[in-house]
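Below: the structure, in structure tokens.
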Amino acid sequence: MNCSVRLRRIAQLLAVCLLALAVTASCALGAAQTFGPDLSKFAPNNEVGCEVDPFVTSFVTNAPSCTWSSNVALGEDSTNPNGAQIPPAGDGTISQVSIKVGATTGPMQVVVLREELEFVEVGTPNVHAKVSCCDAIEQSQVFTPTADTTTSESVDLPVEVEETPNPQTGLLSADILGLSVLAQHVPVPAADERSLSVLDQPGTDAWEPAMTQGKQELADEQTGYLVLMDALWSPTGTAPAGGGPPANTPQTPAKTTTPTPTPIVNPAPPTPILSFPVGGALASIKHGHVAVTLGCGAGASCQGTVRLQSQPAGQAGAVARLAKRGGKKKHKRKPAVVTYASGNFDLAAGSSQAVAAKLSGSGKQLARRHEHRTVWINVTLTDTTPAQVSSHAVTLTF
């Protein structure tokens, strides 16, 4: 994330918190409020699901799920000042959310994400803040919105937005709402606003896989997509809009009948064949991931794991086996295997594409130093018996 996105993110949060305070002060005590974008003004024209990172062109992550939250760009919708997915100031409860989806839908879930603003020079004309995001503190039941329409779902999610920072610590907590999509190839319900100038685009926070209650992870802060979800909020001490707290029970899955298969004697299935393409860039680093280009033979699809490590696969396995022996014999100490990035892949037969491997703590340390290092791409095909392992050396600038 570049500096301009971070600065705008802070400006958006400060402005939205001030607007939330103004809106709260001007409303009658105990009045329910709707916050979030005006869904009638935007179309759900985002076409990508969690398996693709839309912020990096054609970057396939194969993530099984994801969570998005967004802030309306300052000035984008002047008629709807509380258009961000941040509740009004104070303590309250979300009793209903509305989500606008397109032609393709799937299982989704609403998550309450707590972020912390650290203020410096509180009480002076020039207040600065740092944002730490986020902790998942609450989550709704799983539901599936209706395609090509706006679906309202009853939830029961307590939230809080502190009105002033703690004068001793300078910390202020604010909850935001995130929308999780829990299946691949289901577009996140969002408006693609990347055609606007950068300063006019909404801010977009993203996590993959999806955030779940109790999970803590930094957001991938980007711009360009507006999550099409609004919410109904009631202050603590009042009955939630709609006549009391709704039941927060998961949907009962539809009953399915599994047909009895007819025994068929089939020939042995084709064997997956994985390859490292010849020529071109084999791996590159962007946004905390290493994109590793892999090819899959035409005979069968290829599923497995990819790791960037300090040693080739054979030596890595030998060190691991030695550690399990418990040191019955004295062995010359071998260097530990360091994993710099790892990820999963599922390639169609006959395809070649970039597979995302997320940087580990060791990989991030190298990235902070922009270190130039030769590493081993160790790939394991998990859909073969026994598992096939192959290695390829590559030199990267982290």
FRET efficiency, 1/(1 + (r/R0)^6) with R0 22 Å, evaluated for Ser352 and Ser284 via beta carbons: 0.90
Efficiency of FRET from Cβ geometry, Ser40 and Ser301, R₀ 45 Å, rounded to 0.05: 0.60
Arrange the following residues from fewest to most other Cβ atoms within 10 Å of their Cβ: Ile94, Ile137, Ile273. Ile273, Ile137, Ile94
Whole-Hz Karplus ³J(HN,Hα) for segment 103-113, in order, using 6.51 cos²θ - 1.76 cosθ + 1.60 and θ = phi - 60°, x for Gly and Pro? 6, 10, 10, x, x, 9, 7, 9, 10, 8, 10
Show me 360-369, 35-44 ranked by packing, highest mean number of other Cβ atoms within 10 Å first. 35-44, 360-369
Report the gain in length on full extension from Asp91 to Arg368: 0.36 nm times residue separation, minus Cα-Cα distance, nm rounded to one decimal. 95.8 nm
By Cβ neighbour count within 10 Å, fewest first, Arg373, Arg114 rank Arg373, Arg114
Give me the one-decimal nm value for the distance between modelled label points at Glu118 and Thr236, 7 Å along each residue's Cα-to-Cβ direction. 2.6
Residue order, fewest to most beta carbons within 10 Å, for Ser70, Ser65, Ser154: Ser154, Ser65, Ser70
Counting only residues 5 or more places away or on other chains, whose amide H sits under 5 Å from the amide H of Gln96 once H atoms are built in the peptide plane? Val155, Leu232
Which value results when the Cα radius of gyration for segment 357-398 is divided by 2.2 N^0.38 Å? 1.45
In Hz, Karplus ³J(HN,Hα) per residue of segment 87-95 (6.51, -1.76, 1.60; θ = phi - 60°; x = Gly, Pro): x, x, 5, x, 8, x, 9, 8, 9
Please list, in order along segment 293-298, the HN-Hα scalar couplings obtained from phi with the Karplus expression 6.51 cos²θ - 1.76 cosθ + 1.60 (θ = phi - 60°), rounded to whole Hz, x for Gly and Pro. 7, 10, x, 10, x, 6
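Every read-out reported here was derived from the displayed coordinates using simple, explicitly stated rules and does not represent laboratory data. Quick caveat, the model's predicted, so the values are computed rather than measured. Because the Cβ atoms are built from the backbone with ideal geometry, glycine has one as well, and the counts that use them run over all protein chains shown.
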